[in-house]
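Working notes, beginning with the structure itself.
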Amino acid sequence: MPANPATSVLTIDELAEYLKISKSTLYKLAQQGGIPSQKVGKHWRFHKDAVDQWLRQRGPNAPPSTRSQARA
């Protein structure tokens with residue numbers, strides 16, 4: 001069954017809950033380019049598939065991401 005397009009793009013609140021991290025941590029990651037994100041006007045949006053891939057690539061023992069690592 002295909003993914004529901006309405007749930008494939010997450011808000012900061014939805015992603016913070018999904019990742020079980022604070023919104024302030026998520027804002028910092030997004031602003032530093034540490035997590036795949038897109039700013040639409042004043043609001044951050046996240047493609048769930050891209051975030052899931054980002055999590056898989058980081059692995060369980062990866063260090064916190066930085067801007068330079070996110071672009072590598």
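Since every read-out is calculated from the coordinates, none of them should be taken as a lab result. No experiment lies behind these values; they were computed from the predicted model shown. Virtual Cβ from ideal backbone geometry, glycine too; neighbours counted across all protein chains shown.
Brief remarks follow.
- Taking first residues from region 15-37 that are more than 15 Å from Gln53 (Cα to Cα) and partners that are outside any loop (DSSP other than H, G, I, E, B) and among the acidic types (Asp, Glu), the Cβ contacts under 8 Å between residues at least 6 apart in sequence or on separate chains come to Lys23/Asp13.
- Residues of region 11-58 that are touching a His at 6+ places or on another chain (Cβ under 8 Å) and part of a helix (DSSP H, G or I): Ile12 alone.
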